[in-house]
Amino acid sequence: MAAIVYQKNKKTGITYAYESISYWDKKKKQSRAKRKCIGRVDPDTQQIVPTRKRKKPAEAKAVKQGPTPFTQNARKFFGATYLFEHIAQNTGVLEDLKTCFPESWQKILSIAYYLILEDKNPLSRFPHWAAIHRHPYGGVITSQRSSDLFASITEEQRQRFFHLQGKRRTEKEYLAYDSTSISSYSNCLRQVRYGKNKDHEHLAQINLSLLAGQESRLPFYYRKLAGNIPDVKTLKKLLTDMKTLGYDKIKVVLDRGFFSAANINDLYRYHIKFLLGAKLSLNLVKKNLDPVRDTMRSWTHYCQAYQLYAYSLPITWDYTQKRPYKGDTVTADRRMYLHLYFSPERALEDEKSFNNRLAALQEELLTGRRHPDHEKQYAKFFEIKTTPVRGTKVTAKEEALADAKRNYGYFVLISNDVRDPVKALEIYRNRDMVEKAFENIKERLNLRRVAVSSEQSLDGKLFVQFIALIFLSYITKKMQDGNMFKDYTMQEVLDEFDIIECFEVPGQQLQVGEMTKKQIELYSKFGVKPPASLQ
């Protein structure tokens, strides 16, 4: 016997109609009922709307393992992404991405390739680029899918990647560490704060710190910081992160913005080898520089390669460590090398710049157009007298001027590892690759402004841009080593590769288009065998 039963869903408020069929249960010897949903009740007409019959899902067919076959004839650009594939293998990026991102490594690489080749173009242009290029993912990634990808990248995956990449470099070379600021209009990001903007923009910002191998020129670690954190306060956290990631023996090179007694003590405490820029105004420097000013500027200490005088002397550092758990302070002497340099060319440039500034200050005083921010400099370098008859008379304080010019052309490095001053200078000057990396990530990778509104999307986008930065840094080093910048810009090299085509025909192997002698030579300069059609 069948009957219609109605029941309302408490969550959705929709009433469903069920067909109830009564039958006799022999085992339990009682009457029972079976119910089957036949539809929902329309709230307006009170009629029963039948449910749609769902088709049973077809059984999945077994797929043979192997390369994905071509489904249609296609002509795509191939030369540049072919180069990137070899860079990914040579740097270990491919292996490490597969380890850390087994489900999404192809998408990450494809977006990184796009960011490199499509200089400053937004990600909304990716589908157009993907349609005409051969790339690891092979398909289209829409703006929404790229946002989903960025949000899916976890902190644990990033840290694991940093660990794997760092193990390839930390024990072989000095690590250059520096930071930059990235401006933002966003009010949704928690770390956007007003601070010292390194691009001299009057905007709130986040700070980005970067660690790169001094010889390989490849970045392998970065960290996002609040915009109001100064450089000098970031080093201790870096050392903690390095210990957490398992880096026991590291050597760092830092600019003078990171100099502080606390940082030096921490470097000694963690047994870190360091090379660090220092200020001439430090008592430690003045005490040792004054007695050797004449000695160091003799021909014996002249370096023709850098066209400057280089002088080194061993000194001691007064090491202190507070031990809260014992309630005492440990003090000791630590060995250090003070490297002093004098550049005649730099001295002329410094004096010229100083004279131009003095002339501008004097003009402001004589014309009565004084600037509030310059009052301390007026008082330091000039005697100012004003009378009703003669007006304003400005006289330079010659002793103050001579004292200011005394250190022009000099600069200082300190180290607990490098003894030779020329070797120390070579290592320190190579740290400019971090500045070039920041320039690449801001200009070529379109990160001069933060253009996301959520923390997860920002973290993921930064990571993918960081992957692209590794490729750009590798290309830059190869071009510098091969002296290619005298003939090409990086964009010209990438454009030369990017016009090489490949042909995809169903049922046939990949065919590579014609290449010029110039393109073949460029591949050889990068240490890459030119692509050939697969047989």
Cα centroid of the range 449-521 to Cα centroid of the range 373-395, whole Å: 58 Å
Heavy atoms of residue 21: accessible area, 1.4 Å probe, square angstrom to 10: 80 Å²
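Relative to the compact-globule scaling 2.2 N^0.38 Å, provide the ratio for the alpha-carbon radius of gyration of the range 255-296. Don't jump to the answer; show the numbers that get you there.
Numbers: Rg = 12.4 Å, N = 42, 2.2 N^0.38 = 9.1 Å.
Here the Cα radius of gyration is 1.36 times the empirical estimate.
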Candidate aspartates and glutamates for bridging to residue 167, where Cα separation is under 19 Å - those fewer than 8 sequence places away on the same chain excluded: 95, 96, 155, 156, 215, 241, 248
Among the listed pairs 273/405; 486/518; 380/405; 120/436; 405/436; 249/326, those beyond 22 Å (Cα-Cα): 273/405; 405/436; 249/326
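Which sequence of 114, 311, 137, 6 reflects their accessible areas, 1.4 Å probe, from the largest down? Each step should come with its number before you reach the end.
Values: 114 0, 311 45, 137 90, 6 135 Å².
From most accessible down to least: 6, 137, 311, 114.
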Vicinal HN-Hα couplings computed from phi for the range 285-298 (Karplus, 6.51 cos²θ - 1.76 cosθ + 1.60; Hz; Gly/Pro x): 7, 4, 4, 9, 7, 4, x, 10, 4, 6, 4, 6, 9, 9
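The values are calculated or read from the model by the stated rules, or taken from the named source; none is laboratory data. Note that the structure is a prediction, hence the values are computed from the model and not measured. For the accessible areas, the whole protein counts, side chains as well, though only heavy atoms, and no ligand, DNA or RNA atoms are used. Shrake-Rupley method; radii C 1.70, N 1.55, O 1.52, S 1.80 Å.
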